[in-house]
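One structure is given here, and the rest of the page talks about it.
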Amino acid sequence: MTTAHSPRPVPKRSRARTLLPLAIAVWLVLEIWLLTVVAEAAGGFTVLLLLVGAVVLGAVVIKSAGRRAFQNLTETLQRQQRPGAAAEPEAAAGSTGNGFLMLGGMLIMIPGLITDVLGLLLLVPPVRKGLGRYAERSLERRMNAAGPGTLGDAFQQARMRRPDGKVVQGEVIKQDGTPERRPEDEGPRPPLTP
């Protein structure tokens, strides 16, 4: 016996999924073209030195940003362990922009002139602060725009699903207050295992 099920509607492809591969292809072609233009003007060895220097600079930037982030984390944990830590002001000025510094280092490490320029822009403190404020406002706006129950429900569902696969036993109680009993529940219940 077959049942007639309506086929699931195919979800419409988002603009980002459509345009992202095209944008990546355009970016790659532009990077290769710029590298060939610079190689013709300055020589292939110069381009090779630029690419190697960019990798070294990017690694140094990422390493220093990582150290700075770890130092800020250590200071914050030590500050919270001291008595009267709530009265002390937080040192948020030192921790701003570590993520953008690491992103800048990653962009510098990627071979290409466009990514190098974008990475070098992220090393400028006013640019990092401006991007940080923009990202914070954007996130705040999205959180405020989310309807009640959307994000909270997602967190609640994530908490209910336990990674170790344990099941918490319980019983369903009807509206009138009596527990719902099934025939298979009449016997003794197996013990809970830790």
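The values are calculated or read from the model by the stated rules, or taken from the named source; none is laboratory data. All values reported here derive from a predicted model rather than from experimental measurement. Note that we place each Cβ from the backbone using ideal geometry, even for glycine, and neighbour counts take in every protein chain shown. Heavy atoms of the whole protein, side chains included, go into the accessibility calculation; ligands, DNA and RNA do not. Shrake-Rupley method; radii C 1.70, N 1.55, O 1.52, S 1.80 Å.
Does segment 77-89 contain at least one residue that is at pLDDT below 90, part of a loop (DSSP other than H, G, I, E, B), open to solvent by 50 Å² or more (accessible area, probe 1.4 Å) and of a type in the set (K, R)? Let's see the steps before the verdict.
Applying the first criterion (at pLDDT below 90) to segment 77-89 yields 77-89.
This time we only want the ones that are part of a loop (DSSP other than H, G, I, E, B), so: 82-84, 88-89.
Among the residues that remain, those that are also open to solvent by 50 Å² or more (accessible area, probe 1.4 Å) are: 82-84, 88-89.
Remaining after also requiring of a type in the set (K, R): 82.
Yes, segment 77-89 has at least one match.
Output the residues belonging to segment 24-33 that are open to solvent by 60 Å² or more (accessible area, probe 1.4 Å) and either out of contact with any Ser or Thr (no Cβ under 9 Å at 6 or more places or on another chain) or not in a helix (DSSP H, G or I) (or both). Reasoning before the result, please.
From segment 24-33, those open to solvent by 60 Å² or more (accessible area, probe 1.4 Å) are 24, 26-30, 32-33; that's our starting set.
I24, V26, L28, V29, L30, I32, W33 - these are the residues of segment 24-33 that are open to solvent by 60 Å² or more (accessible area, probe 1.4 Å) and either out of contact with any Ser or Thr (no Cβ under 9 Å at 6 or more places or on another chain) or not in a helix (DSSP H, G or I) (or both).
Could you please let me know if L107 is in contact with a helix residue (DSSP H, G or I) (Cβ under 6 Å, 6 or more places away or on another chain) and either among the charged types (D, E, K, R) or at pLDDT 90 or above (or both)?
On the way: in contact with a helix residue (DSSP H, G or I) (Cβ under 6 Å, 6 or more places away or on another chain): yes; either among the charged types (D, E, K, R) or at pLDDT 90 or above (or both): yes.
Considered against the rule, which asks whether it is in contact with a helix residue (DSSP H, G or I) (Cβ under 6 Å, 6 or more places away or on another chain) and either among the charged types (D, E, K, R) or at pLDDT 90 or above (or both), L107 comes out as yes.
Of these, L151, L139, L101, which one is modelled with pLDDT of 85 or more, at negative phi and either exposed (fewer than 10 other Cβ atoms within 10 Å of the Cβ) or in a helix (DSSP H, G or I) (or both)? Talk me through it step by step, then tell me what you get.
Values: L151 fails: modelled with pLDDT of 85 or more; L139 fails: modelled with pLDDT of 85 or more.
Just one listed residue meets the conditions, L101.
Have a look at L103, L131 and point out the one that is of a type in the set (A, V, I, L, M), closer than 23 Å to A25 by Cβ and free of Cβ contacts under 8 Å to residues at least 40 places away in the same chain.
On the way: L131 fails: closer than 23 Å to A25 by Cβ.
Residue meeting the stated conditions: L103.
Filter segment 109-136 for residues that are small (G, A, S) and either open to solvent by 60 Å² or more (accessible area, probe 1.4 Å) or in a helix (DSSP H, G or I) (or both) and give the result. Full working, then the answer.
Here is the first cut: in segment 109-136, the ones small (G, A, S) are 112, 119, 130, 132, 135.
Listed by number, the residues that qualify are G119, G130, G132, A135.
Has segment 34-50 got any residue that is without any contact (Cβ under 8 Å) to a residue 40 or more places away in the chain, under 27 Å from the mean Cα position of the chain (by Cα) and open to solvent by 60 Å² or more (accessible area, probe 1.4 Å)?
no
Is there any pair with a first residue in segment 1-27 that is modelled with pLDDT of 85 or more and a second that is of a type outside the set (A, V, I, L, M) whose Cβ atoms are under 9 Å apart and which are 6 or more apart or on different chains, and what are they?
Within 9 Å, the pairs are W27/G112; W27/T115.
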